[in-house]
Amino acid sequence: MSLTKPLRGIIPPLITPLNPDFTLDYPSLIKTIDHTISGGVHGLFILGTTGEFASLSSDVKNEMISMSCAKVDGRVPVLVGITDCSFAQSLKLAKKALDSGAKAVVAAPPFYMNIDQSELINYYQKLADKIELPLMLYNMPSHTGMSIEANTVEKLSHHPNIIGIKDSSGDLRYFQSLCELFEGRPNFTLLVGPEEYLVETMNMGAHGGVSGGANLFPKLYVKLYEAILAKNSEQIQALQVSILFLSQNLYSHGTYKSNYLKGLKASMSFLGLCKGILALPLCAYSDEEKQSLRKKYDVVEARVKSILNTSAN
């Protein structure tokens, strides 16, 4: 499968299913990949924030790349996160992605070191020069400590190997500025991270979303994407309300900063897609917390099934 430009659709940021010893859980990975692809998604993004890339060993990262690409087997494009504080390690991950059959790589700014926009431009240009796969920028200021400014994105977009950006800032003004900058260049991919903003950003000009909830209910997000393209306002409203309901109930359970990942992986364990284990330093909900989340999950699942049945008729 060749990579079309711009990338379009729903591209879940795949979880990394883990065993209790933090090795890769192969059976769960296979189930999750088949589950998402059967739900109609348009690609898969591995080793992103939802994939807990920063907490994984090199062995698990390499296995995740090779196993995912082999299982997907060209059914949809696989995008591989290569974010690392080490330039050399990012290059190694990019080479592994290339050799495994991935179609593109994704990199957020290196974290920990204090860098400015000029250094960031230099970094991305050198990265794009060295790798063979197309590169997508990844704006995640809450985790990296800096934003890829809109003007920086515009400058980097002229590199022939930089094809787009995934924005997870949650800043709609920022996303609007990107849409305005690239209005005359429709082949530069603009994807939104927070699923709650898929409707707003696609109406601005986004090409789709990297929606974490599509690990769990892929058809829900694909249906919303299709409804937006069809300008079906009634269906958009019904699907959007369900996605917001999911977010409010499954991603906000408790007072942890890691509630999103805790809630997503726990919910996927209820569906039998993974064991719900998070890589250290994060940890899963306690049994009591899972029991109370399960009640919320059951309500969300019933609501999602209902809206999907309604939209199919």
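For region 253-281, which residues satisfy the criterion of being modelled with pLDDT under 95 and among the polar types (S, T, N, Q)?
The one that is modelled with pLDDT under 95 and among the polar types (S, T, N, Q): 255.
Considering only residues of region 32-46 that are assigned to a helix (DSSP H, G or I) and open to solvent by less than 10 Å² (accessible area, probe 1.4 Å), which is nearest to residue 217 (Cα to Cα)?
36
In region 65-84, how many are over 15 Å from residue 106 (Cα atoms), in contact with a Leu (Cβ under 8 Å, 6 or more places away or on another chain) and assigned to a helix (DSSP H, G or I)?
4
Mind checking which residues of region 256-275 are open to solvent by less than 50 Å² (accessible area, probe 1.4 Å), among the charged types (D, E, K, R) and without any contact (Cβ under 8 Å) to a residue 12 or more places away in the chain?
Once the filter is applied, which keeps residues that are open to solvent by less than 50 Å² (accessible area, probe 1.4 Å), among the charged types (D, E, K, R) and without any contact (Cβ under 8 Å) to a residue 12 or more places away in the chain, region 256-275 yields nothing.
When both residues are 6+ apart or on different chains and their Cβ atoms are under 7 Å apart, which pairs have a first residue that lies in region 220-240 and is hydroxyl-bearing (Ser, Thr, Tyr), and a second that is assigned to a helix (DSSP H, G or I) and crowded, with 16+ Cβ neighbours inside 10 Å?
Close Cβ pairs satisfying both conditions: 221/195; 221/213; 221/214.
Go through region 132-151 residue by residue and tally those that are closer than 20 Å to residue 210 by Cβ, at pLDDT 95 or above and over 16 Å from the mean Cα position of the chain (by Cα).
Count: 4.
Could you check how many residues of region 47-59 are out of contact with any Ser or Thr (no Cβ under 7 Å at 6 or more places or on another chain) and open to solvent by less than 20 Å² (accessible area, probe 1.4 Å)?
3
If you scan region 285-313, which residues turn out to be open to solvent by 40 Å² or more (accessible area, probe 1.4 Å), in a loop (DSSP other than H, G, I, E, B) and at pLDDT 95 or above?
286 - this is the single residue of region 285-313 that is open to solvent by 40 Å² or more (accessible area, probe 1.4 Å), in a loop (DSSP other than H, G, I, E, B) and at pLDDT 95 or above.
Considering only residues that are part of a helix (DSSP H, G or I) and either β-branched (Val, Ile, Thr) or in contact (Cβ under 8 Å) with a residue 40 or more places away in the chain (or both), look in region 145-160 and name the one that is nearest to residue 121 (Cα to Cα).
Going residue by residue through region 145-160, those that are part of a helix (DSSP H, G or I) are 150-156.
Adding the requirement that they be either β-branched (Val, Ile, Thr) or in contact (Cβ under 8 Å) with a residue 40 or more places away in the chain (or both) leaves 152-153.
On the way: 152: 7, 153: 9 Å.
Going through the qualifying residues, I end up with 152.
Please enumerate the residues belonging to region 14-23 that are open to solvent by less than 50 Å² (accessible area, probe 1.4 Å) and in contact with a Lys or Arg (Cβ under 9 Å, 6 or more places away or on another chain). Even if it seems obvious, please write down each step before you answer.
Applying the first criterion (open to solvent by less than 50 Å² (accessible area, probe 1.4 Å)) to region 14-23 yields 14-19.
Scanning region 14-23 gives 15, 16, 17, 18, 19.
Considering 244, 278, which residue is open to solvent by 10 Å² or more (accessible area, probe 1.4 Å) and touching a residue at least 12 places away in the same chain (Cβ under 8 Å)? Can you show your working first?
Values: 278 fails: open to solvent by 10 Å² or more (accessible area, probe 1.4 Å).
Step by step, each of 244, 278 is checked, and only 244 is open to solvent by 10 Å² or more (accessible area, probe 1.4 Å) and touching a residue at least 12 places away in the same chain (Cβ under 8 Å).
The values are calculated or read from the model by the stated rules, or taken from the named source; none is laboratory data. The structure presented is a predicted model; accordingly, all values stated were derived computationally and were not measured. Every residue, glycine as well, gets a Cβ built from its backbone with ideal geometry; the counts of neighbours run over all protein chains shown. Accessible surface areas use protein heavy atoms only, side chains included; no ligands, DNA or RNA. Shrake-Rupley method; radii C 1.70, N 1.55, O 1.52, S 1.80 Å.
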